[in-house]
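To start, the structure under review is shown below, and the notes come after it.
What follows is calculated from the coordinates using simple rules that are stated; it is not laboratory data. Bear in mind that the values here come from a model prediction, so they are computed numbers and not experimental data. Note: ideal-geometry Cβ built from the backbone for every residue, glycine included; neighbour counts use all protein chains shown.
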Amino acid sequence: MSIVLAGHGLIKKYGSTTALAGVDVEVAARDSLAIMGPSGSGKSTLLHTLAGIIRPDDGQVLLRGERIDRLGENKLSALRRKRFGFVFQFGQLLPELPAEENVALPLMLEGVPRGQAVARARRWFAPLGLDGLEKRRPGQLSGGQAQRVAIARALVIEPDVVFADEPTGALDQHTSEEVVRLLTSVTREQGAALVMVTHDADVAAHCGRILQVRDGRISSHSQYTVA
Amino acid sequence: MRSPVLPLTWHLARSAGRRGLQSRLLAAGAAAVGAFVLLVMVAACLGSGARADRTAWRVPDAAPARAATAVQATTTTYVRHKPVTVVSLAQLPDRGPTPAPPGLSAFPRRGEVYLSPALAELVRELPARQLADRFPRPASYGTVGAAGLASPDELVAVIGRAPGDPAVSASAGSLGWYDEGQTARAGITGFAGDKPSLFTGADQQTALLGAVLLVVPVVVLAAAAGRLGAARREQRLAALRLAGATPRQILAMTAAEAAAVGAAGALAGALAYGALLPVLAEIPYGVGSWYTGELWVGLPWLAAVVLGVTVLLTVSAVTMLRRVAASPLGVAQQADPRRTRVIRLVLFAAALVYILQNTEGQLSNRRLIVLLALFYGVFWLFGPWVVDRLGRVAGRFARRPATLLAARRLSDDPRAAWRTVSGLVLAGFVAGFFSVTQLDIGFPEHPDQVAVVSQDAADARHTAAEARTLLDRAGVEARVGTVDDDDFSGSVLLGNAGVVARVSGGPAQIDTAITALTPAANGRLPVSQDYVSAPDATVTDRIATVSAATLILSFLVATASAGLTAAANVLDRRRVYGLLRLAGTPLKVLDRARVRETVLPLVVLAGGTTAMGVFGAYQLNKAAGATVDSSGALQLAVCVTAGALAMLAAIGASRPLLRRVTTNPAQTAD
């Protein structure tokens, strides 16, 4: 199984607080990894470091074998745009754009003509159970629908890795279940890796592996066989 | 039980940190600027009215011949193109005493000459043959005090004459329209007239016109200041609601904080106005600079402006919060676009038709102001409708992400987008309006002529011989001739018989010629082009001054409100901007979207209002029978360019803020 993303010996400090104290992690294509841990354990820092949002003080981040932690800000930004997809807890959709244009936006940013971008975006609506909601604006969608639109936006560029930061944090249990099932299955079908931060064990259970982080270190590493 | 609102508001305000302080300082600063500009506008209107009143004594307040105790003959002469008001007074024999005119301690006796301080200085500076010899030469001059003057710069002479002196004789009186507002003679009993002089009469109405045009940009600025910190208030709303506060308490807290910030800012603006009064008084308008007291608006006005700005800011802040309170997820998650209805277009069209129908013929200034206020009002309704349609059209054809984002933003909340540009759009109307309101009535120009009015052709021939001698003696090189009373365009006499000297040389020679010909003028003073042009030139000059001041202030205020709104928008949307950037959206795309969101409506609407301003002024010129002066086109181009650049700079000023709020929004130890 080919490793898509790897972090080796990652260290990150904020003043006297050590957020990451030498973490090693690898994710393969179609793999899904849940990062769990108590507040302040460093789980979000780990996700942001792997996604090239935060630079580690020490250690390396490799995407398909190439170091990305030393890239300049512009290259990192382009990398995040072209090869990573992101799903956040809430508030990531532009409120004034209809759902289909929110999904098409990353393609348009890459220079895909608007008509083609919207057409490609629409293809994601049926598989994600969003049929008929293309013209709705985020304010007219339920929390679960909005998260599915966000998943479509993360996947529309066919990324290598999808990063999800508490993607179900603002949803009820039933909707969480539905959203995370879609997120893990569609990501796998696309051949992308998934790295997800969550505090919810039920959500994490949908992932192939679970990393428990405590005080900036990996305290345990569980592996499941996801159906 | 004591209400917890005020203590909690105070506590939260104190603990809001540096960013909270910054936004409050900005809001207070905007309130200060708004209050300052409003106070200056009120001061200009009240002050110009007050000083017009102070010139009313110079226009003879005619009394019945039997009752008159004195004769007053007022005329105007010019030196270096500046008007000098000359008031000749003669006490009639066997009549009761006449009170002292304002600025003098007693009625002037025969041979006494009183000069205003500015005229006295000029008399000292210039050779006597250019100015002083136009008046009697006493051993020493008296001084016209401030009570008789509209401005410290005014040039006024009060001369005591004998009742039989030609300067107070019937021949020194008005010749009708030719002397309108500049020369008049009558028997009087005092100085209680209420007709202001030609040189101050139009000041108040013109200042009022500028004030009306400035009110909207100032209101927009205060409203923009009220919006600052809206995002922080949303967060506070959520947190306090969770903690059990009622919506009414939240609104009360918001109102208390906004009122405190607004009042502090408005008070600072009022203090700045008070402190800068001596500086403001130095700014010339019309007849010159001001006496400081003329610009003091008084405590009731001061309190009204401070209160008005505070209320505006508070209402704006509460209105923003009400929208958030109605939809707990806030503005960023609003469900429906705020559509505008076609009734706005209908109202605008109806008002425009009404305005066009009512600009036919001569317009009084009061009516003009009412029509302008109406135009502003309906444009305020119409603007968001245009922005909405513009957003929809641009959204349909947008190819780039930045344009699409901008277009969707416009149609999503057209009122907010309109607020951002409204100041400059309405300033565009001012620019357009004043660019052609340089009234040019089109009378013939004879800047080299100095003329003396005669009773008839025979008298003119006799006076011409005397004039040649006088000019020769004064060393003035001139061609002297006579004109008949049927010559309306060949001389500055415009249809009066008399003698005309065509003088070689500049203003100094013209002034020497006027002075030299004074003895030949039979009690009147010789006239020059300045005398003929004065009625129109005075209005043109006032409009030019007000237009320049209004334009500069409009653009400054509009730019400030655009900058504030842009900063408020960044703060309101910092989460979505931050997450988009985190996902790799280039900052320049977000920034371009912000700029286009402003530029698109600005180009369309400011272009439209500028054209309407030009058209409105053209109508006004037509109504006044004046030709359009196209030299204003350059001023218009400069204004529009400067305004647009200033607006872009104001938006650009919030770019570092955008960068800061979108940099690693989730950087925590977790």
Compute the Rg to Rh ratio over region B:64-188 from the alpha carbon atoms, using the Kirkwood formula for Rh, and round to two decimal places. 0.95
Residue-ordered couplings for region A:142-150, obtained by feeding phi - 60° into the Karplus form 6.51 cos²θ - 1.76 cosθ + 1.60 and rounding to whole Hz (Gly and Pro as x), are 6, x, x, 5, 4, 5, 5, 5, 5
Using Cα pairs closer than 8 Å and at least 6 residues apart in sequence, work out the relative contact order for chain A, in percent. 29
Per DSSP H run of n ≥ 4, the term is -39500 (n - 2.57); total these for chain B, divide by its residue number, and report the mean residue ellipticity at 222 nm rounded to 500 deg cm²/dmol. -19500 deg cm²/dmol
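Under a Cβ-only charge scheme (Lys and Arg +1, Asp and Glu -1), can you give me the dipole magnitude of region B:64-188 about the Cα centre, in debye to the nearest 20? List each step's numbers first, then the result.
Working: 12 positive and 10 negative charges, 57 e Å.
That gives region B:64-188 a dipole magnitude of about 280 debye.
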How long is region B:368-438 along each principal axis, judged by its Cα atoms, biggest number first, in Å? 44, 22, 16
Within chain A, how many lysine pairs that are 8 or more places apart, or on different chains, have C-alpha atoms less than 30 Å apart? 9
Towards the positive end of the charge dipole of chain A, with charges on Cβ (+1 Lys, Arg; -1 Asp, Glu), say which of A:Ala119, A:Leu133, A:Ala146 has the farthest Cα. A:Ala119
Under the Karplus curve 6.51 cos²θ - 1.76 cosθ + 1.60, θ = phi - 60°, whole-Hz ³J(HN,Hα) for region B:578-587, x wherever Gly or Pro sits: x, 5, 5, 5, 4, 7, x, 5, x, 4
Unit charges at the beta carbon, dipole of chain B: most positive-side option, B:Ser533, B:Leu38, B:Ala562: B:Ala562
Name the long-range amide H neighbours of B:Thr55: under 5 Å, sequence gap of 5 or more, or other chain; modelled H, no Pro or chain starts. B:Ser197
Surface/4 estimate of mean projected area, convex hull on alpha-carbon atoms of region B:449-534, nm²: 4.9
In sequence order, calculated HN-Hα J values of region B:448-457 (Karplus, 6.51, -1.76, 1.60; Hz; x Gly/Pro): 9, 9, 10, 10, 10, 7, 10, 6, 7, 5
Given bins 5 angstrom wide, list per bin the percent of all Cα-Cα distances in region A:3-223, short to long. 1, 7, 16, 19, 20, 16, 11, 7, 3, 0, 0
Relative contact order for chain B: what is it in percent, counting Cα pairs under 8 Å that are at least 6 residues apart? 18
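How large, in Å, is region A:68-129 by the Kirkwood hydrodynamic radius built from its alpha-carbon pairs?
In region A:68-129 this quantity evaluates to 13.1 Å.
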Could you tell me which residue out of B:Leu571, B:Leu313, B:Val215 lies farthest along the dipole of chain B toward its positive end? Charges go on the beta carbon: Lys and Arg +1, Asp and Glu -1, centred on the Cα centre. B:Leu571
The protein assembly as shown - charge dipole about Cα centre, Lys and Arg +1 at Cβ, Asp and Glu -1, debye rounded to 20: 3640
Collect residues whose amide H, placed 1.01 Å from N in the peptide plane, falls under 5 Å from the amide H of B:Tyr78; neighbours closer than 5 in sequence don't count. B:Val84
Please find, in a Gaussian network model of chain A (springs between Cα atoms separated by less than 10 Å), the residue of A:Ala121, A:Ala201, A:Ala150 whose mean-square fluctuation is greatest. A:Ala201
Could you work out the equivalent-ellipsoid semi-axes for the protein assembly as shown, taking the square root of 5 times each eigenvalue of the Cα gyration tensor, largest first, in whole Å? 78, 27, 23
FRET efficiency for A:His221 and B:Phe397 from the Cβ-Cβ distance with R0 = 41 Å, rounded to 0.05, comes out at 0.20
Quarter of the surface of the C-alpha convex hull for chain B, i.e. direction-averaged projected area in nm², equals 37.5
For region B:64-188, what does the relative contact order come out to in percent, with C-alpha contacts under 8 Å and a separation of six or more? 38
